[in-house]
1. Between Arg207 and Ala266, what is the FRET efficiency for a Förster distance of 30 Å, r being their Cβ-Cβ separation, to the nearest 0.05?
2. Take the alpha carbon atoms of segment 121-146, find their center, do the same for segment 208-226, and report the distance between the two centers in whole angstrom.
3. Testing the spin-label approximation: label points 7 Å from Cα along Cα→Cβ at Gln303 and Ala105. State their distance in nm.
4. Starting from 0.36 nm per residue, how many nanometres of slack lie between Phe158 and Ile2 once their C-alpha separation is accounted for?
5. Read phi for every residue in segment 179-189 and hand back ³J(HN,Hα) as whole Hz from Karplus 6.51 cos²θ - 1.76 cosθ + 1.60, θ = phi - 60°, with x for Gly and Pro.
6. Take the alpha carbon atoms of segment 1-123, find their radius of gyration, then divide it by 2.2 N^0.38 Å using N residues; give the quotient.
7. To the nearest 0.05, what FRET efficiency results for His228 and Arg129 with a Förster distance of 35 Å applied to their C-beta separation?
8. Each residue of segment 224-233 in turn: what ³J(HN,Hα) in whole Hz from Karplus with 6.51, -1.76, 1.60 and θ = phi - 60°, glycine and Pro shown as x?
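Readers should treat all values here as calculations from the given coordinates under stated rules, not as data from a laboratory. Keep in mind the model is a prediction, meaning the values are calculated, not measured. Using ideal geometry, Cβ is built from the backbone for each residue, glycine included, and neighbour counts are taken over all protein chains shown.
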Amino acid sequence: MIPEPPLNFITRPYRGLSVQEVDVELTEPSLLDLLVGREVYRRTDFLLLHRGDNWALAAVVKESAVPLFSPVVEARVLALPHQVRMLHSPDTDVGNASALARVAASNKQEGVLAYAVRGRFEHINVIWRPDPLVVRVTEVVPPWPAKLLAMAQQVLDFDEDLPPIALELDEVDITDLAAQHRADNYLLPCRGSGAEVSGQVDFLDTRPPARLDWLMVGCERSVQFHEHFYGDRAPRVDICPRLRPATSDSSDFTLTKCCLIERGIATDDARAIVPWGSNLDEVRLALRALVGLEQPPAPQKVQTPPWSTAADKGTTEVHA
């Protein structure tokens, strides 16, 4: 028997889903009678069938995946019309599991098992029982938007191997920390953050010429810089996101950063840590490590298959 798909399943690539209009009742007996023995394309594993505005989802097993078309030898109806919801979201990349899960979450309906999304370029894909993994992104702010969160979202938008992931921001707010630790003079790590605090403010990255009686709001690397510049350690409020305790039980994983990591990533338990100045590749590797995916493989070179040319048919090809 064809097994039920796992949670969060989508067809990858989505050419594995065939969308067809049918002229039979969308009941299990009628659909099985229609599908078994029917020819399907060799890449088709699922069929999204509709009659009018009603939809059903079925999985199939083919006799062979070698010929271009092959008869179905086994079929299973996964979801009937009351269990399928068709959604129109023209800006959604339907090859992206996180994007599909976001659309489904915005249109959640009791009893629905399969959310079909007609998205960008009028392409259609289905996500089965969406239940995204939650990744808590612990980041220091300002600046806004939170940089690591924005980078993680960029990765989710283009890495189609990742399962559905929902990002939750856990901000370490420099402004709030300064307000909780009153001082006449503050030393912040970087002018570029745009943090606004009460009192006199100096910025460590400008290497102030005079060592003042300030409270430093910074990380371990800031301590090292201060000791190099002035020969001592200033009183400090630690902003290290790596040391921040969990604030909720809602997340499955944590993505954060550490100034003591200069390149690459570190992992421990359900947490991945990237450098303070991480790039998209490092953030991508961190997210993949959290969910158990290997480093993305290099694209494979394939031999171009033979095909009939226009010249074979007595016509002339024009190439732009």
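1. FRET efficiency, Arg207 to Ala266: 0.55.
2. Cα centroid of segment 121-146 versus Cα centroid of segment 208-226: 36 Å apart.
3. In this crude spin-label approximation the distance works out to 4.6 nm.
4. Result for the pair: 53.1 nm of gain on full extension.
5. Ordered by residue, 3J(HN,Hα) equals 5, 7, 10, 5, 7, 7, 10, 10, 10, 9, x Hz.
6. Segment 1-123 yields a ratio of 1.03.
7. It comes to 0.05.
8. Per residue, the Karplus-derived 3J(HN,Hα) values read 5, 4, 4, 5, 5, 6, 10, x, 8, 10 Hz.
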